[in-house]
Structures are given as structure tokens and as C-alpha cells.
2 protein chains.
Amino acid sequence: MERFTPTERSAIKRLPQRGRYERATVKEILDEGFVCHVGFVLDGQPFVIPTGYARVEDVLYVHGARASRMLKALSDGVQVCVTVTIVDGLVLARSAFHHSMNYRSVVVFGRARAVTDEAEKLTALHAFTEHVAPGRWAEVRGPNRQELNATSVLAVPLAEASAKVRVGPPVDDEADYALAVWAGELPLRLAAGEPVADPCLPAGIEPPPHVREYDRAHRRV
Amino acid sequence: MERFTPTERSAIKRLPQRGRYERATVKEILDEGFVCHVGFVLDGQPFVIPTGYARVEDVLYVHGARASRMLKALSDGVQVCVTVTIVDGLVLARSAFHHSMNYRSVVVFGRARAVTDEAEKLTALHAFTEHVAPGRWAEVRGPNRQELNATSVLAVPLAEASAKVRVGPPVDDEADYALAVWAGELPLRLAAGEPVADPCLPAGIEPPPHVREYDRAHRRV
């Protein structure tokens, strides 16, 4: 299936022209971002928790930050909403009203399940590390049994999802184009600075290429 | 009051040493970020929607993207959870297990109200524009009556909130410090690129300082 089928909850209702349902678009956004916001309901109260994630084929794995609350919510089999947002720029218009942002976001709906199978958990942990820093898994010490047991991983099927994308310059009211106001886009991106070595690191160990040449944009699906 | 009082839902339970309840810390994070994730419940289903926001004193104003769903949810007077996350860097450890991120996040709980008073709405719109690009409000055309009516603004009191902050190098298992693996922090920040002028912009209008020298870090509270 090349496209997600929009559902009542996943269809983009406001500004529907920004809606994208191609699987490739959704995966590309998920693969470039690396922090999601997980929404779940506990005793009627919504919680929105930022946490790491990774995608393996058609499954979104979510890291167990705040595991206790998330797991408590999940033990009731409730629905989750996982949102990933990448800000690409400020859209600066000639009127305050038409200011906007260029962005790419994905919303995934579904029921999460706790990953208990050890092989699947290892697959997810591998994906978490490689998602944040491709090439790193092979260089570091892998998880031992105790660490595997201590790690909570949730899986959300990538079955009901949609993306929302805005690109391009501002769209102003016709009359406002005559105003002598600078208008356009200010691109924004998550940029890496100089690596800061752990103070405990012995001299002579240099940062590897996956650290020195870090760039999240243009990830492959 | 200098500190927020932790409540059952706002207290940081997982890794409580990362919890911060000082108002100044919470406001600083809110003032540096500019995209929040709003969580609300509709017919038992959690929704997490990214949108713009601004803070005015002890009120968080949220922009009305996806207004219909949010407003429908709010008409029932339900609780919202507004989360703002700033990623400061990757924490690259010697073991896969101890990989982490440096970040600052804020979670605000409360009931949102729709802003109907025109003066308050104008205050919020001013704050939205100035929050994204300080100095811009004075240069652009302000909202007219029709635009004011078309804009949905929600207010969430900054009364029940907490922050969570991680800084510093990785914390590895004692035995792993002997491994010949580069470890440390890779700082990340949202960086502005070269402004892209609207194709409709007449020649001779240059980007103002608030565009040319854009920098979100170190905002004043």
C-alpha cells in the first residue's frame, strides 16, 4: 500500500491542502526527526511526553521515558497519538495575520503494545541508536541481559497516519503586496555544533565521522 | 510565587533529579521555544497537535491551528496538556544503553479557555508575532476586525507546570570507561539559514535585523 487511508481521526481537516498520505512522505519525516511527542490518556487526563523513537519497517518504536505512566496507561489498552514535528522555517508575511511556519509533521494513531520479545526489543534498541547516530551501534557496547530487562519499549503500528506539510513563501492579501515590508522565509534547521568530549575521555580518541559530519536532513527511507 | 507546586500530574516521576519547578526556568524554556504540542482528549481519543504559542506573564496563549477539533474538545471544558521541548544535544555514551539526549522541556496542565475579549486577543496576537520574531509587529500590518474574528486563540493559565532538564556528558557504567570509544555530547541547536525573499518582493527591500540576526537562544524572561 503506497498511501495511508485517511480516517476520521487521521484526515487533515484544517488546511486540507497541506495533508499528505503517501507512505514515503510519512516515513521520510519520521526518519529525519528523532523526538516524538506521545499523547495518552490517564483517568481522563491527557499527557504529552517527549521521547525518542525509531522506525523499523511499518512499526514505530517508542522509548520508555516516563515508562511507568505510559505503561500504566497502556495496560488499559488505550489509544495513543504520536506526533513528530520538524520546523523548516519562519514564514514572514506583510501582515501579522498571514505569518506562518514551514514545517513537516506526522501524526500516528493506534494502540501501543509493550515489546516483551527479546529479539524484537534488541531490534528496537538497535534502531534507536542507529536512528540518532547511524554507524554508532557497531562502535559501542551492546546491551546486556540486565539492560534489556530494564528497558521499556513500546511498539505502535504504522497503520493509521498522516502528514502535514507547508512549504514556500507567505501568502499575503492582494493589497498588502504594495507594502514596503520585507517578506519571505527564514529557513531553520537543527544544526550540530562542535562535539564536546566527555571529560573522562582519554586523550587520542577522536570523534568518529558519524559525530563529526552529523546531519539529519535528507535521510533515506 | 517563585516555584510551581508539584502536583500528582506535574511532578517529574521518572528521573526526578531532572525536575525543575522554578518559575524562571519554566518561563525561560517557554520563551526560547516557539512550537508546542497540545494534547487533548476527544471522545476518549488523545490528539497531539503541534502549533505556535506565546507567553504573556502567567498565561500561555495557543494559536488556533486545527481550531475546530481543539475548540470542540474545549467546549466540553476538558483538560489540556501543553508540552514544549528544546533539544540541546545528543549524549553519546560508551554503551548503547546509556545513550541519551540533553534537552529542556516544559509540561503545562490546565483547562484552556477560548479568548473572546478583543483586547486580550490583540495582546495574544502581538505576543505570537513578537515571540517568533521580536521587532516584527511594528513593521507589519496589524490585524483588522475581520482577521481578529477569524483567529482562534486559547489561553492556558501558567499555574500547574514543571520542567525537565538534562545537561552534561554521558554517565557510563564504571567498567565501560576503559573502552576506546569516543563519548561526549554533540550540541544541537535550531539555526537560521539565509533569508529567502518572497519572489513577489520588489527589489531594494532588505531583510531587517530581526531576520538577519535571528537567534532564539538566551531569550530574556
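Every read-out reported here was derived from the displayed coordinates using simple, explicitly stated rules and does not represent laboratory data. Values in this document were obtained by computation on a predicted structure and should not be read as measured data. Cβ placement follows ideal geometry from the backbone for every residue including glycine, while neighbour counts extend to all protein chains displayed.
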Inset, instruction - Report Rg (one decimal) and Dmax (nearest whole number) for segment B:171-211, counting Cα atoms only, units Å. - result: 22.6, 64
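Just to check, using Stokes-Einstein with a Kirkwood Rh over alpha carbon pairs, what's the diffusion coefficient of the protein assembly as shown at 37 °C and 0.692 mPa s in µm²/s?
Answer from the Stokes-Einstein relation: 145 µm²/s.
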Inset, instruction - Taking the Cα centre of the protein assembly as shown as origin, work out the dipole magnitude from +1 charges on Lys and Arg Cβ and -1 charges on Asp and Glu Cβ, in debye rounded to 20. - result: 940
Legend entry - Sparse-neighbour loop sites [trypsin sites (Lys or Arg not before Pro); segment B:122-221; at most 13 other C-beta within 10 Å; DSSP]: B:Arg220
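So for segment A:79-127, what are the equivalent ellipsoid semi-axes in whole Å, largest first, each being the square root of 5 times an eigenvalue of the Cα gyration tensor?
On the way: eigenvalues 297, 36, 4 Å².
After scaling each eigenvalue by five and taking roots: 39, 13, 5 Å.
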Inset, instruction - Using only Cα atoms, find the angle between the long axis of helix A:118-132 and the longest principal axis of chain A, and express it within 0 to 90 degrees, rounded to the nearest 10. - result: 50
Inset, instruction - Measure off 7 Å from each Cα along the Cα-to-Cβ vector at B:Arg18 and A:Glu206, then give the distance between these two points in nanometres to one decimal. - result: 3.2
Inset, instruction - Once the label point is placed 7 Å from Cα along Cβ, list for A:Arg3 the distances to the corresponding points in the other copies, in nm, shortest first. - result: 5.5
Inset, instruction - Just name one of A:Gly44, A:Leu60, A:Ser152: the one whose Cα is farthest towards the positive end of the charge dipole of chain A (beta-carbon charges, Lys/Arg +1, Asp/Glu -1). - result: A:Gly44
Inset, instruction - Filter the trypsin sites (Lys or Arg not before Pro) in segment B:1-59 down to the DSSP loop ones having no more than 14 other Cβ atoms within 10 Å, then list what survives. - result: B:Lys13
Legend entry - Extreme residue, positive dipole direction of chain A, given options A:Thr116, A:Gln17, A:Pro209 (C-beta unit charges): A:Thr116
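What range in chain B is the longest one free of GluC sites (Glu not before Pro) that are in a loop by DSSP and have at most 16 other Cβ atoms within 10 angstrom?
Working: sites that count: B:Glu2, B:Glu8, B:Glu57, B:Glu213.
Within chain B, the longest run free of exposed GluC sites (Glu not before Pro) spans B:58-212.
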Legend entry - Shortest-first nm distances, B:Ala203 label point to equivalent points in other copies (7 Å, Cα→Cβ): 5.8
Inset, instruction - Enumerate the whole-percent occupancy of each 5 Å bin, from 0 to the last occupied one, for all C-alpha pair distances of chain A. - result: 1, 6, 12, 15, 16, 15, 13, 9, 6, 4, 2, 1, 0, 0
Inset, instruction - At 25 °C and 0.890 mPa s, grab the translational diffusion coefficient of segment A:127-221 from Stokes-Einstein with a Kirkwood Rh over Cα pairs, rounded to a whole number in µm² per second. - result: 129
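Å³ per residue of the Cα convex hull, for segment B:76-197? Mind dumping the intermediate values first?
Details: hull volume 21.8 nm³, N = 122.
In segment B:76-197, the Cα hull volume divided by residue count equals 179 Å³.
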Legend entry - Helix-only CD estimate at 222 nm, as mean residue ellipticity for the protein assembly as shown, using -39500 (n - 2.57) per DSSP H run (n ≥ 4): -5500 deg cm²/dmol
Inset, instruction - Distances from A:Leu15 to the same position in the other copies: list them in nm, one decimal, shortest first, using label points 7 Å from Cα along Cα→Cβ. - result: 3.2
Inset, instruction - Eight or more residues apart or on different chains, and alpha-carbon atoms under 27 Å: count the Lys pairs in the protein assembly as shown matching that. - result: 18
